1. Give me the percent of the accessible area of the chain that comes from carbon and sulfur atoms, probe 1.4 Å, all protein chains in place.
2. Could you give the spread of the C-alpha atoms of the chain along their three principal axes, from largest to smallest, in whole angstroms?
3. Express the accessible area of the chain per residue in Å², computed with a 1.4 Å probe while the remaining protein chains stay in the model.
4. Between LEU31 and ASN3, what is the label-to-label distance in nm when each label sits 7 Å out along the Cα-to-Cβ direction?
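The values are calculated or read from the model by the stated rules, or taken from the named source; none is laboratory data. Computed from a prediction, not measured in an experiment: that's the story for all the values here. Positions of Cβ are backbone-derived with ideal geometry, glycine not excepted, and every protein chain shown enters the neighbour counts. The accessibility values were calculated without ligands, DNA or RNA, using every heavy atom of the protein model including side chains. Shrake-Rupley method; radii C 1.70, N 1.55, O 1.52, S 1.80 Å.
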Amino acid sequence: MKNRIVRAVAGIFILTSLLLAHYFSPNWLWLTAFVGANLLQSSISKWCLMDTILEKLGVKD
């Protein structure tokens, strides 16, 4: 369950930043880059901040 939530939140952030970049400012693409970098970092280090937040909120695996 936690893995699905992490992926959903990442997807929401990416799509939202793309919409904001299209309608307001290209600077919103930095948010997309940040999310992508965090996804890459978590695949290498096997640590994800969103995972930690969800654990503290009591979401089970």
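1. 70
2. Largest to smallest, the principal-axis extents are 37, 22, 15 Å.
3. 81
4. Going from the LEU31 label point to the ASN3 one covers 2.8 nm.
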